[in-house]
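Working notes, structure below.
The values are calculated or read from the model by the stated rules, or taken from the named source; none is laboratory data. From a predicted model like this one, the values you see are computed outputs, not experimental measurements. Note: ideal-geometry Cβ built from the backbone for every residue, glycine included; neighbour counts use all protein chains shown. Each accessible area value is taken on the protein alone, full model and side chains, heavy atoms only, with ligands, DNA and RNA left out. Shrake-Rupley method; radii C 1.70, N 1.55, O 1.52, S 1.80 Å.
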Amino acid sequence: MDAESHWFKVGAFDCLAVSDGCLTYPPAVFFVNASKSDYEAALRERNLPLDGVTTPYICLYFRTEGHQVLVDTGAGNLAATTGRLVKNLQNQGIDPGSIDTVILTHAHPDHIGGILDSNGAPGFRNARYVMSRDEWDFWTQSPSLSSLQCDDHVKHLVLQCAAEVLPSLRHRLELVAGGDEIVPGVRVLAAPGHTPGHIALDISSQGETLIDAVDAVLHPVMIERLEWYSGVDLLPEKTLTSRRSLLEQAAQKEAVLMAFHFPFPGLGRVRRTKTGFSYDPIFGKSDTGTHQRNR
Ligand SMILES: [Zn+2]
């Protein structure tokens with residue numbers, strides 16, 4: 001594993017956790033309903049800085065018997081530290097033109113910002129694009145972000161990105177709902193809250209399962225502090241319900257859990273405890289993970 005790509009298996013599927021870069025958020029927005037002393041204690045416990053939460057943007061690529069699938073496209077040129085997805089795919093021998101399915105878990109800039117190429121056309125040129133119907137309906141029907149607890153310029157940026165990117169997909173987008181199978185072995189798990197149509201995925205092959213929770217849980221701390229949410233969760237109560245349900249499913253199935261913003265490669269195991277859940281990150285075999293933990 002290098003710091004930007006990590007291959008792993010789910011049954012017969014070859015999977016790649018692949019970074020698009022990272023961005024730093026104010027802790028007060030990231031843990032918007034936690035007290036300053038509580039979230040600072042949680043960060044300090046993990047040797048993490050108190051002045052900013054730096055999170056990677058981790059997309060997922062995988063090959064099944066008949067398909068090459070990409071889950072989310074990163075942030076594109078949102079910041080100087082993002083937009084590395086295509087280069088990282090190519091470094092692993094993956095031609096973006098060979099990807100036949102692009103799943104968009106929700107329409108936030110760090111997930112759809114990498115769709116358009118320099119000509120303003122969808123860059124994964126041979127792919128069908130998949131998004132939940134609820135998500136499409138929300139962002140294309142005068143969305144209101146008034147419930148977000150973040151700066152107005154962030155709200156503006158989020159709205160602007162959706163307005164720029166989504167129309168380009170209008171004629172090549174397939175709309176799905178919870179329970180739908182996108183390709184054999186890959187099922188939609190409705191996980192609303194972070195956005196109204198946010199989806200997670202159950203990716204299963206030969207008795208092994210990966211639950212990609214995407215943004216239903218934004219930080220490992222939120223597995224222990226299940227009641228914490230962020231200022232960019234549009235429907236906080238639903239976020240918490242979706243998160244619990246996904247963690248429950250991952251624990252029950254002994255699945256690997258993936259989360260888009262966890263320390264790279266964003267993979268771990270969840271176990272039930274008396275009071276909630278515990279989380280153990282998985283790092284590459286050749287890597288002790290020390291540099292991730294100390295970041
Ligand atoms: Zn995100």
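The table below lists the values:
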{"read-out": "Cβ-Cβ under 9 Å pairs, at least 6 apart or on other chains, region 221-241 side polar (S, T, N, Q), far side assigned to a loop (DSSP other than H, G, I, E, B) and modelled with pLDDT under 95", "value": "Ser230/Gln149; Ser230/Cys150"}
{"read-out": "Every pair of residues 6+ apart whose Cβ atoms lie under 6 Å, when the first sits in region 259-278 and is of a type in the set (Lys, Arg) while the second is away from the ligand (no atom under 16 Å from the Cβ) and modelled with pLDDT of 95 or more", "value": "Arg269/Asp280; Arg271/Ala251; Arg271/Ser278; Arg272/Ala251"}
{"read-out": "Residues of region 261-285 that turn out to be open to solvent by 10 Å² or more (accessible area, probe 1.4 Å), part of a loop (DSSP other than H, G, I, E, B), touching a strand residue (DSSP E or B) at 6+ places or on another chain (Cβ under 7 Å) and away from the ligand (no atom under 16 Å from the Cβ), as a count", "value": "1"}
{"read-out": "Top-ranked residue in region 39-52 [being part of a helix (DSSP H, G or I) and in contact (Cβ under 8 Å) with a residue 60 or more places away in the chain; ranked as nearest to His153 (Cα to Cα)]", "value": "Tyr39"}
{"read-out": "Any hit, region 115-126, residues being within 15 Å of the ligand (Cβ to nearest atom), surrounded by 15 or more Cβ atoms within 10 Å (Cβ to Cβ) and in contact (Cβ under 8 Å) with a residue 12 or more places away in the chain", "value": "yes"}
{"read-out": "Candidate set from region 203-249 (those that are small (Gly, Ala, Ser) and in contact with a Ser or Thr (Cβ under 8 Å, 6 or more places away or on another chain)); member that is farthest from the ligand (Cβ to nearest atom)", "value": "Ser205"}
{"read-out": "Every residue from region 204-259 that is of a type in the set (D, E, K, R), under 17 Å from Arg187 (Cβ atoms) and surrounded by 19 or more Cβ atoms within 10 Å (Cβ to Cβ)", "value": "Asp212"}
{"read-out": "Subset of region 54-98 [within 15 Å of the ligand (Cβ to nearest atom), surrounded by fewer than 18 Cβ atoms within 10 Å (Cβ to Cβ) and not in a strand (DSSP E or B)]", "value": "Ala79, Thr81"}
{"read-out": "Residues located in region 21-45, provided they are open to solvent by less than 60 Å² (accessible area, probe 1.4 Å) and in contact with a Pro (Cβ under 8 Å, 6 or more places away or on another chain)", "value": "Gly21, Cys22, Tyr39, Glu40, Leu43"}
{"read-out": "Test: residue in region 192-200 that is within 16 Å of the ligand (Cβ to nearest atom), open to solvent by 30 Å² or more (accessible area, probe 1.4 Å), of a type outside the set (A, V, I, L, M, F, W, C) and in contact with an Asp or Glu (Cβ under 9 Å, 6 or more places away or on another chain)", "value": "yes"}
{"read-out": "Flag if Thr55 is touching a residue at least 60 places away in the same chain (Cβ under 8 Å) and under 21 Å from Val186 (Cα atoms)", "value": "no"}
{"read-out": "Some residue of region 1-16 being modelled with pLDDT of 95 or more, closer than 18 Å to His219 by Cβ and either β-branched (Val, Ile, Thr) or surrounded by 14 or more Cβ atoms within 10 Å (Cβ to Cβ) (or both)", "value": "no"}
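Conditions (1) in a strand (DSSP E or B); (2) under 14 Å from Leu173 (Cβ atoms); (3) at pLDDT below 95, marked per residue:
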| site | (1), (2), (3) |
| --- | --- |
| Gly114 | no, no, no |
| Val130 | yes, yes, no |
| Asp137 | no, yes, no |
| Ser146 | no, no, yes |
